[in-house]
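Just so it is clear, none of the values below were taken in a lab; they were calculated from the coordinates. Keep in mind that this is a model prediction, so the values were computed, not measured. Heads up, the Cβs are rebuilt from the backbone with ideal geometry, glycines too, and the neighbour counts pull from every protein chain shown.
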Amino acid sequence: MDSTPVFAQATGQIFAQATRISLRKRRCCRFTYRRPWLTKYLNMVLRQKTMETTKYEPRWATLGVFKAADIPPHRDLRNKPGMPNFVMEVGERTAEGLWLSDAHEVCEGDGTGGVDLSQELPDGTVVEGRVVDIKNKVAVFDPKKFHSYVQGEDEGRWIIAAFTPLNAEAIPVSAAAFLNRCGFPLEGTGVEVHDVEDEPLSNWVSDTEVATDEEEDEDELEYRARVLRCELQEETDESAASAYHIAMQRDFEQCVHDLEMERVRALKKVMKVSPAEAKDVEVEELLKTLDGHLEVVHNVSLPEVKKYIHLWKEAILKEVNALMDSGTVTRLSPEQTRELKKCGLTVLPGKAVFTVKPPAEAQGPARFRRKCRVVVCGNFLPAQGQNVYASGTSADTLRIAIAIAVKMGWRIGSTDVANAFTLAPMPRELLYALVPPTIVVLAGAAAPGETWQITRVLYGLREAPRLWGDFRNRKFVDAVIHVGDKVVVLTATTTDENLWKATYQGEDQLQGLVLVYVDDILMMGEKTLVEAIYQWLVKDWKCSDLEWAEDGSLRFLGIELRVCGEGVHLSQTGYVRDLLRQHGVPEEPGLGLTVPCNREWLQDGESDEEPEPPQEAEVKLAQKATGEALWLSTRSRPELAHAVGCMASHALKRPLRALEISKRILKYLARSVEYGIWYRVNEDDPMMVVYSDASYAPGGGRSFGSTMAQVCGMPVSWRASKQPIITLSVAEAELYEGCAAVQLGLGVSALLSELSWDPVMHLRIDNAAAQGLASESPGTWKTRHLRIRARFLRQEVAAQRLVISHVCGSLQKADLGTKGFDLPKFKTLMDLWQIVPGTIQGATKAALRTLRTTNQSGMLLFVVICLCLVKGVQGKEDLPLDGSMEFYFVAVVSLIAAVGIWEFLKYVKNKEELRRREAEAVSPTVVKQRNVFTYADRVATRLLVLDKYLEMIRLHSSYEHLADVIRFIVIDRAEEETRVVWFSAVGF
């Protein structure tokens, strides 16, 4: 919360406020920066009056000028404990003055001690006090005790008040230094003050961030809320003389301080977007722990530079001397500046940008180099609709140029132009000057009060990129480079104006390529040609030493180029390591290769239900992670294309899912830090080939497509994303993606045509139906746009500019960007793309794996060897035959016998099959019933026999057959049913 002046609680009008320390934003108020000289004058007046009229030493951190009316008794609870208030009235007075309660033990300012006067507090308590004369005198009193201002007959009086706000020691060093320059007596206030040499206040103002109107309105609202809170608090205050209330007051002040600090910490947590952004990274500590050369560029904050200014003086002086020696800026005295302002000179603030870069010599002893760049704040100029466009080359152009260099066997070298923008002259109608940054003055590279007139283009101006680009292109157009007895000229391509062809004068044959990105220049050609172009550049411009790809690695467009075997390896090793360091992921090169992300996380279950709105912080984190991975996938790591596409689709609606994918990508990168694309010529492939593939509706909606274009077997351009429309079949999805692949290839073909190559494009699809739709095969069309795309492909085929062929799925390179894979399939695709570590051993192993994948000659050789081991056929004489009848008879008999045997075997088999089926068809219940029926028949038969014997016994009254009956029963005694039947028969 902002700390406001003592009399800010008055109902009178605030006329001017010289300074106010914002504890929430840690800055000085806008009025201080706008009126630094007035602030210094008021401080000097109050300091002098304090020393003349009191015995106190001046010490305060806030100053205010007020037109105060009648102010009721109050206490300033937001002031720093133990620090007094200093108040003085300006002008003549009648009967008004400063009223102080009797609790004030000391009151400096009026020797008479004032006039006694009683005042009623807000709670109704009457307190005795006195009115002190502060006309041109300073009153020093304790702000924690009751005081007020008594108005006389005049409407309002001008009052100068100074005090020290609560937690004033928390202001930053830069703000404290500015307050010190404005005359604030900060000694004893707890504010840390650094000694700086005298310099005009205008230099400080130029480097200070001025608060916007919106921020000031917010400060005013907080100020009014604080005043209201203080009024409400004071309504409940009781007598200040009570020891209990004094202790309570002390506890309350401590509680307020603790709550303020807690609120500041809470605001920091709310404003925190990511751990990497919230914490300040000490670059100097990072430099101390370097084991090798620095690989990426780091920005250094201004406070850190001031902390280690002795380490940066050399870089600052080097930058200023370069600007002065090149005539980019000239020093102006204050008098000269005033005269030129009458002629239309616009003075802008200056700024210094500090970076730590990799060393200029890859093999040198230095591990890094410090770079200071003085820029002008061109954003202070109003936008007038002028043309400020400046083109930049693309990664596709770079890869095409590298592929051609590998095909031609050229050398690759690079350099950069020092202070490139400053080489371009400033148009006469533009008259600008800048105020040197404060850090430059502190380093002794600029004198206080001076300004620098800009005579050449300087970094920071809106027109600077366009002016430098036009100046550079004019020099390249007029280039005359002598190579031996021939002259080389440079011609810009129409497709990309940053790519220049090097040809002999009067000839069309391509001799080399020059690729330009702002002030970085990449040269490709024979060694003599590259050296000649470099010598031509350094003749007029100051450039860095010529670096060769064979000596280490070159960096261009964020891609590292290094010669590997017979080709060139493209990677982003430095960026990957810095990314892992920022996220705290350790490198694991010893572990085996894995997939970027599991297939389960990449599956997109599309639904019509809208997910819950995510948190803004989560969305920002997901977007940041997506951008980090996107930079890799579009430069040198195409295997990340599908995962990055899924992250982009989830970033807004499901950011947590995107962050989970990002974590898995980081784990994959930890195992594949040095991986990249290995460019080497494949003689078996045509010069221009495009691949297309589509994963049909993986989430039940739109299909995911991928396209790739290659030159001489080297991938130069690729895309992977969801298709914009929903297709109704796999063939339609493949047809749509095939058309997109041809469009991608047309851009590459246009650039190759300008470089004297006019290759026929080969489209390779792994779907036969899509190939048929794109050819002359008839088919039915569900929608008009598919028919148009098919006719476009047929037109290109008919004009012999396109050849469509089918490729098996195992050799479909575009499949890499369509879906997630298991590890074996993923490794196969990596080998097809030649994505390998940047070492000769890694490239050799990849080449062997690719040969085994794409070449079937080894298998054919094995088959041939096996056939050679087979014994050849030996000829024998045929058996002699006496006649044809015997032969026909034997043949007929053999045929009949064969048919008979066949029928017999078939009969046996069928019978067995029927028996098996019958057994399977009969259920256990049926079998049991059948057994019961069979047993019942047997019992019935025996009963008939038994009845017969009994009848014979009865008729003959003889027992001669009794033995047979007994024998019959004994034999079947084991059968329970028979025994029961027999007992029934004999009458038991």
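Some observations on this one:
- Taking 0.890 mPa s as the viscosity and 25 °C as the temperature, the Stokes-Einstein diffusion coefficient of region 380-450 based on its alpha-carbon Kirkwood radius rounds to 139 µm²/s.
- Across region 84-90, rounded Karplus estimates of 3J(HN,Hα) from the backbone phi angles (6.51 cos²θ - 1.76 cosθ + 1.60, θ = phi - 60°) give x, 9, 10, 10, 9, 9, 10 Hz, Gly and Pro being marked x.
- Region 564-644: GluC sites (Glu not before Pro) in DSSP loop, at most 12 other beta carbons within 10 Å: Glu609
- Shape category assigned to region 685-833 from the gyration tensor of Cα positions, a/c cut at 1.5: oblate
- Loop GluC sites (Glu not before Pro), region 653-750, which have at most 11 other Cβ atoms in a 10 Å radius of their Cβ (DSSP): Glu683
- Sparsely packed GluC sites (Glu not before Pro) within region 371-465, loop by DSSP, other Cβ within 10 Å at most 14: Glu429
- Each Cα pair under 8 Å and six or more residues apart adds its sequence gap; the mean of these over the residue count of region 685-833 is a relative contact order of 28 percent.
- Here the Karplus relation 6.51 cos²θ - 1.76 cosθ + 1.60, evaluated at θ = phi - 60°, turns the backbone of region 658-669 into coupling constants of 4, 5, 5, 4, 4, 4, 6, 5, 5, 5, 5, 5 Hz, with x for every Gly and Pro.
- Net +/- balance of residues flanking Ala549 in space, Cβ distance below 9 Å, scoring K and R +1, D and E -1: -1
- For the residue pairs Lys357/Lys624; Lys49/Lys341; Lys288/Lys827, the C-alpha atoms sit more than 27 angstrom apart in Lys49/Lys341; Lys288/Lys827.
- Whole-angstrom Cα spans of region 451-539 along principal axes, big to small: 50, 29, 20
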